[in-house]
1. Within 10 Å of each Cβ in peptide A:336-344, how many partner chain Cβ atoms are there on average? Round it to a whole number, please.
2. Return the distance in nm (one decimal) between the two label points of a simple spin-label model at A:ASP395 and A:ARG104, each offset 7 Å from Cα along Cα→Cβ.
3. Taking the Cα centre of region B:9-203 as origin and charging only Cβ (+1 Lys, Arg; -1 Asp, Glu), how large is the dipole, in debye to the nearest 20?
4. Restricting the count to DSSP beta bridges whose residues both fall in region B:9-203, what percent are antiparallel, rounded to a multiple of 5?
5. Please give the residues of region B:132-159, grouped as numeric ranges, whose backbone N is less than 11 Å from a label point set 7 Å along the Cα-to-Cβ vector of B:GLU101.
6. Calculate the FRET efficiency for A:LYS136 and A:ARG57 from the Cβ-Cβ distance with a Förster distance of 30 Å, rounded to the nearest 0.05.
7. Could you sort B:163-173, A:34-44 so that the peptide with the highest average Cβ count within 10 Å comes first and the rest follow in order?
8. Based on other C-beta atoms within 10 Å, arrange B:TRP177, A:TRP47 from fewest to most.
Amino acid sequence: MCQAAGANAGAGFCHLAGLINTAGRVVAGNDALKKILIVDDEEDMVWSLRQNINNERLQVEIFTAASGEEALKVLSSNHIDLVLTDIRMPGMSGLDLLLEVKNRFPYTMVIIMTAFPSNEFKKEALLRGSLHFIEKPFDIKELRDLIRHALREENVFKGTVAGVGLSDVIQINGLSRATSLLRVKQGEHLGIIYFQEGQVVHAICDELDGEEAFFRIMQFKGGRLDSMSYTDLPIRTINAPVEALIIEAARRMDEAGLDDVASGPVCADVDLEDGVEYKESAPVHVGGNNGSGSAMVDRVGTESAEREDEMSSLKDVLSEFTNIPGVNTACLVGRDGFLLDSIAIAGIDTEMIGAIASSGFGASESMGKQLGKGAMSMSMIEYGNGPVMLSPVGDDAFLVIVADKDANLGMIRLKIKKHAGQIAETAAI
Amino acid sequence: MSEGKILDIAHISFLDMIKVMIAMSGAASAKGTLIRNAISTAEKIKEVDYPTFEEFLAAIENSTNPITQVEGKSSHQGGFVFGLTHCPFGPSIKNYTGVFEKLPDGYADFTEEFNKPSKVTEIYRVGEGAGVSPFCSVHQPMRSAIAEKIRIGGKKIKIYQLGCKAGSGKKGFADRWLAETGISREVVDKTLDNHMCCYYLQIVE
């Protein structure tokens, strides 16, 4: 049973179909106001919140429910912007409610109230889609700030953006120095990537934390992605730069997906919704083979498959790199620093770059040997205006790729892996 | 350091610098750096045109030939094959090994690197087995680069490095350049019996 605010002082209250203003009076419902649903079996808590949430800076329409089941009924008949729910309730728990809300009302945000905070609980709630936590007892001002913060997130563009990969989104967050989290869902798998001023600082995925969780998320093939803000970073587990993480993820994807790429690419539709969303899609089979490689790997695979026959000269192969947006120079250099071939923008002395790069390449390799790190696969130097990547080709040469700071590093990395053998063959090195 | 031996600091600095370059950035990069430096030095040489081959030889004899000014006197063995009696790096090597007994670590790798086929050794027709020490990677390209500044009767000349001999007496032969010039290995072997370096001069028609 649902009741209006002033009439639900007893047990069995359901929701307030009106606004309680700063004077504590119930006013008529207003479509322009944001709607909040408070879910808690503790009547005193609900009453207190109902009386105190609204003030001069925050005016919302408040609904209430004493259980998860009642909350779902309210949600079914009202467009609720934000659910504020306790965790421990008879019947459906707050976590179960959260899951239902995210499944049935994906645009509704959720704040969890709990008197029993723990990292494990927070992790589970985050994986189920909760935006924020607040620990009981809390200051009402703190709650108002949290609600205002959450409701501001409603004032964002919603829609669908095609052709965007997860690594693109991560790089966008990096460039925009975002402090936010990405919640990624693929089938039964859930992952969250935390950003702090553009840097990836934490990730959780299934039973994993840190970089391993990040790399597992990056291996998701399609899925749903929600971008949201957070107020409390649980722990910092990742310190590596975004670019290095993406490169390493690409390398792992490439290693893990080589067979898939070879057997046919998947075209992953990528949608952006409520922040960002990826949609899983059926694979597109090329050449009669099945495949399930990642979107990034597959784009490379498809392009290169189409062009492979055409690439008869070093210039053709090098153009594979300079065709990547943001890559302006690609040089093939002997390990002794003598230039073998290049495509470069005007103003770059590629002979000199080759000579200098050979010292950098050699130094990176020497350091790897000194540290017992094995064979070098890539060295990247980051400058203010973008990175320079060095990668061995065959035994006697290496590639120098000069990129702008917004270039897709994962794509470059994959193309290097894809074409290194062919370059070595074409250059007879 | 052995007692009573005199160390030329210029020698040790140069030889140990090569060792540091090898350790810091690898033999290939070190080789490239030395070769580029050698070529850069050669580019400072003023161009000269000898009216005849005989006048070119005379310039060697009176030490006005640019090649001779860098490496010392060589002697014409006939058929445009030349032998250089003394290695220009001989004194440095002798001084270093006289004090420290052996050359720095990494020199063998460096020499092997120089002998590998590469763009620069192809351009200057050096290496390919003719390198017997890291110093060959400086000396041989420099001589070839200097030769680009010399004309005989208005015609360009090219130098092919055919072989070289280490201080230990071990000889190295550039089979590729032997094949291209048509000079027999026996001729080079015989030249190296009493010379440290052997090369072929081609007058480009």
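1. Values: counts 19, 10, 10, 1, 2, 0, 0, 0, 0.
For peptide A:336-344, the averaged partner shielding equals 5.
2. Each label point lies 7 Å from its Cα, and together they span 6.7 nm.
3. On the way: 23 positive and 21 negative charges, 39 e Å.
The calculated dipole for region B:9-203 is roughly 180 debye.
4. So the antiparallel bridges in region B:9-203 amount to around 85 percent.
5. From region B:132-159, the list is empty.
6. Working: r = 23 Å, r/R0 = 0.75.
My answer for the efficiency is 0.85.
7. Working: B:163-173: 18.2, A:34-44: 20.9.
Per-residue mean Cβ counts within 10 Å order the peptides as A:34-44, B:163-173.
8. In order of increasing Cβ crowding within 10 Å: A:TRP47, B:TRP177.
Each value in this text was obtained by applying a stated rule to the coordinates, not by laboratory testing. Every value quoted in this text rests on a predicted model; they were computed, and no experiment measured them. Neighbour counts are summed over all protein chains in view; Cβ atoms, including those assigned to glycine, are modelled from backbone coordinates with ideal geometry.
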